[in-house]
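The values are calculated or read from the model by the stated rules, or taken from the named source; none is laboratory data. Predicted model only: the values in this text are computed from it and were never measured. Reconstructed Cβ throughout: ideal geometry from the backbone, glycine too, with neighbour counts over all protein chains shown.
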Amino acid sequence: MSEQQFSIEEFEKKYVARLEDRKLDWGVLSFQEEIDPRYKRAQMRYIGRGATANKDANVIEAENFTLSTMVLPAGCIGPLHLHSDVEEVFFVLKGKLTALLQHEGNDYEIKLNERDCISCPPGYYRGIRNDGDEDAMMLVMLGAPKPQLPTYPEGTPLEEMRLKRAKERDAIIQQADNK
C-alpha cells in the first residue's frame, strides 16, 4: 500500500475558505422573509451547510460543526427557533444585537455588543434582533456537520412553513450527498 504524498495545494483547496470566494446568500432564508419582512438576513457559509440544505462548492466540508457569517440589517430579526440536536453560537463581529431566548414559556433578552458571544444549548428557543441603525454581522456556529432543521414556536406561520419545507430539504440533501 503506497502512502499518498502531502500536497499543500490540495490541502489549501480542501481546507481554506477565502472571503473573495464567498458571497452573501440573501435567498437561503427568504422563506422566512416572505412571512415577515423583518426576518431578512444573509448568510455566508464557510464550513458546512448549516441547518439549510444549500450545498456550496466553495464551502469546506464539515466534520464536526458548521461555521458561517450572518448579516442582519438594522431593525431585522433572526426569529425564535429551536435546535433540539445542537448548540448554536452567535459571536458579534459588528454592531449591537439582542439575543432572544424563550424557555419554559418565559421570554428573555440579553444585549450583546461587538465581540460578545452567546452559546445556546440544545432545547432553548433562540433568536437575534438588530436594534441598531446599521447592519450587524455575526459569526454563527452549529455543533454538528448537518444539524436538523430547526423548529419554531408551535402554531406560528414559520413552523407551518418548516413542516412544508422539511421534505424539500431532505430531498436536496440526499441528492447533494449522492453526487
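Just checking, does the range 6-28 include any residue being part of a loop (DSSP other than H, G, I, E, B), of a type in the set (Asp, Glu) and under 30 Å from Thr151 (Cα atoms)? No - not one qualifying residue is present in the range 6-28. Filtering the range 128-150 to residues that are at pLDDT 90 or above and under 16 Å from Leu80 (Cα atoms) leaves Ile128, Arg129, Asn130, Asp131, Val140, Leu142. Output the number of the condition that Gly123 fails; it satisfies all remaining conditions of (1) surrounded by 15 or more Cβ atoms within 10 Å (Cβ to Cβ); (2) closer than 28 Å to Glu63 by Cβ; (3) at pLDDT below 95. Only one criterion in (1) surrounded by 15 or more Cβ atoms within 10 Å (Cβ to Cβ); (2) closer than 28 Å to Glu63 by Cβ; (3) at pLDDT below 95 is unmet by Gly123, namely (1). The listed residues are Gly155, Gly75, and the only one of them that is farther than 27 Å from Val16 by Cα, modelled with pLDDT under 95 and not in a strand (DSSP E or B) turns out to be Gly155.
Please determine whether any residue of the range 63-71 is within 23 Å of Glu154 (Cβ to Cβ), at pLDDT below 95 and either touching a Cys at 6+ places or on another chain (Cβ under 7 Å) or not in a helix (DSSP H, G or I) (or both). There is no residue in the range 63-71 that is within 23 Å of Glu154 (Cβ to Cβ), at pLDDT below 95 and either touching a Cys at 6+ places or on another chain (Cβ under 7 Å) or not in a helix (DSSP H, G or I) (or both). For Asp107, indicate whether it is exposed (fewer than 14 other Cβ atoms within 10 Å of the Cβ) and part of a strand (DSSP E or B). Answer is yes for this residue.
Give all pairs with beta carbons closer than 7 Å in which a residue from the range 11-31 that is farther than 18 Å from Arg169 by Cβ meets a residue that is in a loop (DSSP other than H, G, I, E, B) and hydrophobic (A, V, I, L, M, F, W, C); count only pairs at least 6 apart in sequence or on separate chains. What qualifies is Ala17/Val59.
Does Asp116 satisfy the criteria of being at negative phi and without any contact (Cβ under 8 Å) to a residue 40 or more places away in the chain? Yes: the conditions hold for Asp116. May I ask you to list the residues in the range 150-172 that are surrounded by fewer than 17 Cβ atoms within 10 Å (Cβ to Cβ) and of a type in the set (A, V, I, L, M)? Result: Met161, Leu163, Ala166, Ala171, Ile172. Among the residues of the range 129-147, the one identified as in a strand (DSSP E or B) and of a type in the set (D, E, K, R) is Arg129.
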